[in-house]
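Data block below; observations after.
Readers should treat all values here as calculations from the given coordinates under stated rules, not as data from a laboratory. None of these values were measured; they are calculated from a predicted model. Cβ coordinates were reconstructed from backbone atoms using ideal geometry, including for glycine residues, and neighbour counts include every protein chain displayed.
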Amino acid sequence: MYSSPDLPVYGCYVVGSLWQFMTLEDRQYAISPGYSATSDDLLDIFRILKVLKQIVAERVG
């Protein structure tokens, strides 16, 4: 499956308890501040993952 070139690419990486999310659009990218899974940030991580799941489901079809 190929992504449309005009759609942004989303990603996430985890190092220990620190989560960071990123977006790549054209030749520009943005990286979120770190979210700690061991603090109140956990609810934010869950919220972001739910939105990403929704985006992926819409693209897949």
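The phi-based Karplus calculation (6.51 cos²θ - 1.76 cosθ + 1.60; θ = phi - 60°) puts the 3J(HN,Hα) values of segment 27-40 at 10, 10, 9, 9, 10, 6, x, x, 10, 8, 6, 9, 9, 5 Hz, whole numbers, x for Gly and Pro. Taking every DSSP helix (H) stretch of at least 4 residues in the chain, weighting each as -39,500 (n - 2.57) and dividing the sum by the residue count yields a mean residue ellipticity at 222 nm of -11500 deg cm²/dmol.
Using Cβ point charges alone (K and R +1, D and E -1), the dipole size of the chain about the Cα centre works out to roughly 160 debye. Projecting the Cα positions of Trp19, Gln54, Ala30 onto the charge dipole of segment 9-60 (unit charges on Cβ atoms of Lys, Arg, Asp and Glu, taken about the Cα centre) puts Gln54 furthest along the positive direction. Binning all Cα-Cα separations of the chain at 5 Å, short to long from zero, yields these whole-percent fractions: 4, 16, 25, 22, 17, 10, 5, 1.
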